[in-house]
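The values are calculated or read from the model by the stated rules, or taken from the named source; none is laboratory data. Please read these numbers as outputs of a predicted model, since none were measured by experiment. Here the Cβ positions follow ideal geometry from the backbone for every residue, glycine too, while neighbour counts run over all protein chains shown.
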Amino acid sequence: MPVDFNRPVPVGRELEYIGQALESGHISGDGPFTKRCHALLQQALGVPQVLLTTSCTHALDMSAMLLQIQPGDEVVIPDFTFVSTVNAFVLRGAKPVFVDVRPDTLNLDESRLESALSPRTRAIVPVHYAGVACEMDLILELAKSRGIAVVEDNAHGLFGKYNGRYLGTFGALAAQSFHETKNFSCGEGGALVINDGALIERAEIIREKGTNRSRFFRGQIDKYTWVDLGSSYLPSDILAAYLYGQLEQRERIQNHRRNVWNTYAIGLKDWAARHDVQLPIVPEHCEQSYHMFYMLMPNLDLRQRLIGYLRDRGIYTVFHYLPLHLSDMGRSFGGRPGDCPVTERVSDQLIRLPFHNVLTGDEQEQVIEAISEFAF
Ligand SMILES: Cc1ncc(COP(=O)(O)O)c(C=O)c1O
């Protein structure tokens, strides 16, 4: 039997809730299930406002609009991340400044941050890679001292913690993903976490096509109208129903994923040490979200050979981000080979192993056994 890299399946009452949404007759955005997701996430994270969005990409787009990013502004981004982290800000005319990542956690290297800041820097966007926290104390301190906003790209890190505090609660804003590869999913989806209360009302407007419709629905005004920039960033309540079914099972999902992660870490430890393969490093003060398990192979050739070797055995693995500064867009902003050596190296070396909410012990044994027999 093949071992899938990802298998997004219902684990609780998702289908029942979708049925309820359909029967209720409210399947557009901001229906009863969207409100239940908002309440659950606000309470679980202890934050003033969470708004579901159609993707994490859109939550990032909203963040750039909320911060009124404009041409001439600079935004500091780790080089090792998904395109959306940077694209959201470039869409508003900002210039990205890419910072290399730490060789241990693959997170924005905070020791390189200060030299990346300029009087034009408007935002720093740390990404908690694999749901392991960035060094938020230092990042926040630097940002505060310069009056720069922090937007956490927390696509991987829901329910992960840094020094006991939930990821997504540090920046003025944070973006979550509920894409099918994430711990909790509704196919395509996301959320904007708003920690700065002053941004809540405008976030509602931007999400509702630039109108004050949310105030109208709350009975605060008797007509709604176009008041600002915006677009349509609210997901259907059918998707929110599915997502609510997933979020309700958060303890079960996270326990399962913790087991999967620990099984890989224990099962591959000796083989990795013998072959100079780096397994994920999670600092003591970080409680990870158990989003993924990756390995850093000694070089690109071995990484590619391992992916092919596992595929021949019906085991599906993937690599991750390419260095942003070397993409066509990155080069157009001045990116050159050698600018971010750690990203350039780990991008060649990284392989992600099968990891999902219904991965079985037998499947994991198959993966670990196959890797342990990979000779080089
Ligand atoms: C770090 C990071 N940010 C943002 C995204 C975009 O998420 P979405 O597909 O929900 O737009 C991804 C996608 O996986 C990601 O890895």
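Quickly run through the range 33-74 and pick out the residues that are away from the ligand (no atom under 16 Å from the Cβ) and assigned to a loop (DSSP other than H, G, I, E, B). Listed by number, the residues that qualify are 46, 47, 48, 67, 68, 69, 70, 71, 72, 73. Filtering 135, 114, 141 for residues that are in contact with an Asp or Glu (Cβ under 8 Å, 6 or more places away or on another chain) and free of Cβ contacts under 8 Å to residues at least 40 places away in the same chain leaves a single hit, 135. When you check residue 77 against the structure, is it more than 8 Å from the ligand (Cβ to nearest atom), modelled with pLDDT of 95 or more and in a loop (DSSP other than H, G, I, E, B), yes or no? Spelling it out, it is not the case that residue 77 is more than 8 Å from the ligand (Cβ to nearest atom), modelled with pLDDT of 95 or more and in a loop (DSSP other than H, G, I, E, B).
Criterion applied to 230, 190 was being among the small types (Gly, Ala, Ser) and within 21 Å of residue 159 (Cβ to Cβ), and the one residue passing it is 190. Total residues in the range 349-376 satisfying the condition of being crowded, with 20+ Cβ neighbours inside 10 Å and either in contact with a Cys (Cβ under 8 Å, 6 or more places away or on another chain) or assigned to a helix (DSSP H, G or I) (or both): the figure is 3.
For residues in the range 299-319 being free of Cβ contacts under 8 Å to residues at least 60 places away in the same chain and within 23 Å of residue 129 (Cβ to Cβ), which is nearest to the ligand (Cβ to nearest atom)? That would be 319. Restricting the range 279-319 to residues that are of a type in the set (S, T, N, Q) and crowded, with 19+ Cβ neighbours inside 10 Å, the residue that is nearest to residue 355 (Cα to Cα) is 317.
Only one of the numbered conditions (1) buried (at least 18 other Cβ atoms within 10 Å of the Cβ); (2) touching a Leu at 6+ places or on another chain (Cβ under 9 Å); (3) under 24 Å from residue 323 (Cα atoms) is violated by residue 111, and that is (1).
Residues that are over 17 Å from the mean Cα position of the chain (by Cα) and farther than 18 Å from residue 316 by Cα within the range 283-301 comprise 283, 284, 285, 298, 299, listed in sequence order.
The listed residues are 354, 283, and the only one of them that is out of contact with any helix residue (DSSP H, G or I) (no Cβ under 8 Å at 6 or more places or on another chain) and touching a residue at least 12 places away in the same chain (Cβ under 8 Å) turns out to be 283. On the basis of being farther than 29 Å from residue 164 by Cβ, within 14 Å of the ligand (Cβ to nearest atom), out of contact with any Gly (no Cβ under 7 Å at 6 or more places or on another chain) and at pLDDT 95 or above, does residue 87 make the cut? For residue 87, the condition - farther than 29 Å from residue 164 by Cβ, within 14 Å of the ligand (Cβ to nearest atom), out of contact with any Gly (no Cβ under 7 Å at 6 or more places or on another chain) and at pLDDT 95 or above - is met. Where residues in the range 170-216 are of a type in the set (S, T, N, Q) and part of a strand (DSSP E or B), which of them is farthest from the ligand (Cβ to nearest atom)? The extreme case among them is 211.
Counting the residues of the range 320-331 that are surrounded by 16 or more Cβ atoms within 10 Å (Cβ to Cβ) and either assigned to a helix (DSSP H, G or I) or away from the ligand (no atom under 16 Å from the Cβ) (or both) gives 4.
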